[in-house]
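The values are calculated or read from the model by the stated rules, or taken from the named source; none is laboratory data. Note that the structure is predicted; figures quoted are calculated from it, not measured. Here the Cβ is made from the backbone with ideal geometry for all residues, glycine too, and neighbour counts use every protein chain on show.
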Amino acid sequence: MGPSTSTSTIPQFCIQYVKYQNSLANKVTRSDLKNALKKQHETAPWLFGSSKNGNEPASWESSVHPTFRSMYSRMKNGTSGQPGMENILKVVEVDGVDYVYDLEDTYLKADIGRAFKQYFEGEEVKPTDIHTTLQYKICAVGVAAGYKLFVPFKNRNCKIENGLTIQTSFGPHIVDDFKGKTNITREIDVILLEETEDGFIPVRTYEVENSTGVVSGISRIKALDCHGVIVSPHQQYKDKFDKYMEEAFKEMKGRVSYKSSKEVFKFAESVEEYQEDAFSQDEIQQLISKKM
């Protein structure tokens, strides 16, 4: 038996991780899979081979992560990547989020088999709490950009699908006060804040509209002097937003924009994927102003 390498260990680990999680009826996102792999590398780096000189284990940045990206690309797209997982795992994208499934019996016996069938038959399946999931993704991007966060207390301990909460993941970056905090602005779903000598200054606000009306979100955003974004998974909300911008909120043109949930999910996935290799905090801040 030859020495361990990234090309052998990565598919072995990923396949077994997804099989196990699916057997427990847990969904696995691309982020879940990458983070689990990274923890495995931190725990047992030599399982992934060694550096070129053979004196050190293969690094995450230059070896393991690029190989995972290549294998994942082939698994998702069918071509143009390192082989290893594509015949056993399947990627299904919903609202811009990649879910990874086991194609063998382990998955089919899981309680979420019906949902898997729905994906393939074209039925729309939403995450269990898309409001909290969107808040979570916005917070992740904000932290990657070096901002502090304000999130309403009622949302901080709500769980997303993998059991994580905003508080457990981003607690050190969350603050309880900011310039302009009122009974209205403290209800804004996510506020990105810049830390200054005068306190925490809002630089961008986000209102996630899933079941509430667009007007309430725009009204909250209006109460702070910074750019705001309405985010929603519903196309009809975009239509309503455009109408309100032309009629009731003309003065807000240029100070509030609209993004679909899919756009937010895709951007958040891109930031998480490449920030370690390519993006600085300043670059992520610039991308936020353009893409989110």
Could you grab me the full set of residues in region 130-159 that are within 18 Å of GLY228 (Cα to Cα) and among the hydrophobic types (A, V, I, L, M, F, W, C)? LEU134, ILE138, CYS139, ALA140, VAL141, VAL143, ALA145, LEU149, PHE150, VAL151
Which residues, counting only those in region 25-49, are surrounded by 18 or more Cβ atoms within 10 Å (Cβ to Cβ), closer than 23 Å to SER270 by Cβ and of a type in the set (A, V, I, L, M, F, W, C)? VAL28, LEU33, LEU37
Select from region 50-71 the residues that are surrounded by 20 or more Cβ atoms within 10 Å (Cβ to Cβ) and touching a strand residue (DSSP E or B) at 6+ places or on another chain (Cβ under 8 Å) and list them in ascending order. ALA58
Candidate set: region 226-238, residues that are under 22 Å from the mean Cα position of the chain (by Cα) and over 15 Å from ILE191 (Cβ atoms); chosen: the one surrounded by the most Cβ atoms within 10 Å (Cβ to Cβ): SER232
Given the conditions (1) surrounded by 16 or more Cβ atoms within 10 Å (Cβ to Cβ); (2) within 19 Å of ILE138 (Cα to Cα), and given that MET245 satisfies all but one, which numbered condition is not satisfied? (2)
Going through region 79-95 in order, the residues found to be over 16 Å from TYR17 (Cβ atoms), in contact (Cβ under 8 Å) with a residue 24 or more places away in the chain and part of a loop (DSSP other than H, G, I, E, B) are GLN82, ASP95
Within region 244-254, is even one residue under 27 Å from ASP129 (Cα atoms) and not in a strand (DSSP E or B)? yes
Only one of LYS253, LYS259 is buried (at least 17 other Cβ atoms within 10 Å of the Cβ) and among the charged types (D, E, K, R), namely LYS259
Listing of strands (runs of 3 or more DSSP E) fully contained in region 127-225 that carry 1 or more residues being among the small types (Gly, Ala, Ser) and surrounded by fewer than 23 Cβ atoms within 10 Å (Cβ to Cβ): 199-208
Meets criteria (under 22 Å from the mean Cα position of the chain (by Cα), at pLDDT below 85, buried (at least 16 other Cβ atoms within 10 Å of the Cβ) and of a type in the set (A, V, I, L, M)) for VAL94: yes
Give the residue that is nearest to PHE68 (Cα to Cα), with candidates limited to residues of region 17-53 that are assigned to a helix (DSSP H, G or I) and among the hydroxyl-bearing types (Ser, Thr, Tyr). SER31
Quick one: would you say ASN22 is under 23 Å from the mean Cα position of the chain (by Cα) and either surrounded by fewer than 17 Cβ atoms within 10 Å (Cβ to Cβ) or in contact (Cβ under 8 Å) with a residue 60 or more places away in the chain (or both)? yes
Selected residue [under 19 Å from GLU161 (Cβ atoms) and among the aliphatic types (A, V, I, L, M)] from VAL64, VAL18: VAL18
